[in-house]
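Presented below is the structure to which this report refers.
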Amino acid sequence: MRKLLVAGNWKMNGSVDEAKALSAGLLAEISDGASYDVAVFPPFVHIPAVAAQLQNSDLIWGGQNLSAQAKGAFTSEISASMLAELGCQMVLVGHSECREYGHESNQLVAEKFKQALSVGLTPILCVGETIAQREAEQTESVVWQQIQAVIELVGMESLGQGVIAYEPVWAIGTGLTATAEQAQQVHQFIRSHLSENDDIIARRMRLLYGGSCNGSNANALFSMPDVDGGLIGGASLTVEDFMAICQQADALSNGE
Ligand code: 13P
């Protein structure tokens, strides 16, 4: 059985004090040994403050991106080992905002995925189509190319050490959530394609949904057989909104 994962991508928001307050608030609400996993992805410079709050708890923290290089003259970049040193267990790779604004190609994202694994970080590979691609019925081919680039570089076994987050670009920050059925359709496509490569890994891998997920739609989304949790943006920025989603994960994990 795959454990649900609720992950908060804080993006470029808040101050150190706000990051501390948010992580302390989550810590107070989420008991150790919860039936679902929780991870937060603060801006890089807030990670030490968040780590200080969350250390010795089950809550996971991670980076929103990382360099494809191990070290060296790459001004402004943050390496996998730097994140690991701050206690990060996970890292996002290939978020659509990095693909779009940072011009990250499928190949570069695959190299970042590999870097993350090289230091034991769990990469969350973000994939998803734009509205134009959906309307042109290219959703499956776009998403599969994004995943295949990683398989070609690191192999199926290594892909299986990560998590995949399906985030339709048109649903991110727009309030336009994919319906649970739309999400399930793409998740099922991903899992069935993965199983053509390796059925055991495909069944084990967690596939998250992201894009305007909130306390009102999380139950329907997470109830879908191939949706194993969510990658949350806007609704991860307050304890109340994030907990509304976590409570749905908790109820579903406990068979309610
Ligand atoms: P929103 O939840 O704000 O739509 O953002 C989703 C996202 O991009 C998470 O990575």
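The values are calculated or read from the model by the stated rules, or taken from the named source; none is laboratory data. In this text the structure is predicted, and so the values were computed from the model without any measurement. Every residue, glycine among them, receives a Cβ derived from its backbone with ideal geometry; neighbour counts consider all protein chains shown. Note: accessible area is taken over every heavy atom of the protein model, side chains too, but ligands, DNA and RNA are not part of it. Shrake-Rupley method; radii C 1.70, N 1.55, O 1.52, S 1.80 Å.
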Could you please tell me which pairs satisfy a Cβ distance under 6 Å, a separation of 6+ or placement on different chains, a first residue in the range 207-222 that is over 21 Å from Trp144 (Cβ atoms) and within 9 Å of the ligand (Cβ to nearest atom), and a second residue that is of a type in the set (A, V, I, L, M, F, W, C) and in a strand (DSSP E or B)? Cys213/Ile232
What pairs can you find where one residue is in the range 96-111 and touching a residue at least 24 places away in the same chain (Cβ under 8 Å), the other is within 16 Å of the ligand (Cβ to nearest atom) and of a type in the set (S, T, N, Q), and their Cβ atoms are less than 7 Å apart, with a gap of 6+ or different chains? Cys98/Asn65; Asn106/Gln146
Those residues of the range 65-80 that are open to solvent by 40 Å² or more (accessible area, probe 1.4 Å) and either small (Gly, Ala, Ser) or touching a strand residue (DSSP E or B) at 6+ places or on another chain (Cβ under 9 Å) (or both) come to a total of 5
Would you point out the residue of the range 117-161, among those that are within 15 Å of the ligand (Cβ to nearest atom) and either open to solvent by 30 Å² or more (accessible area, probe 1.4 Å) or part of a loop (DSSP other than H, G, I, E, B) (or both), that is nearest to His95 (Cα to Cα)? Gly128
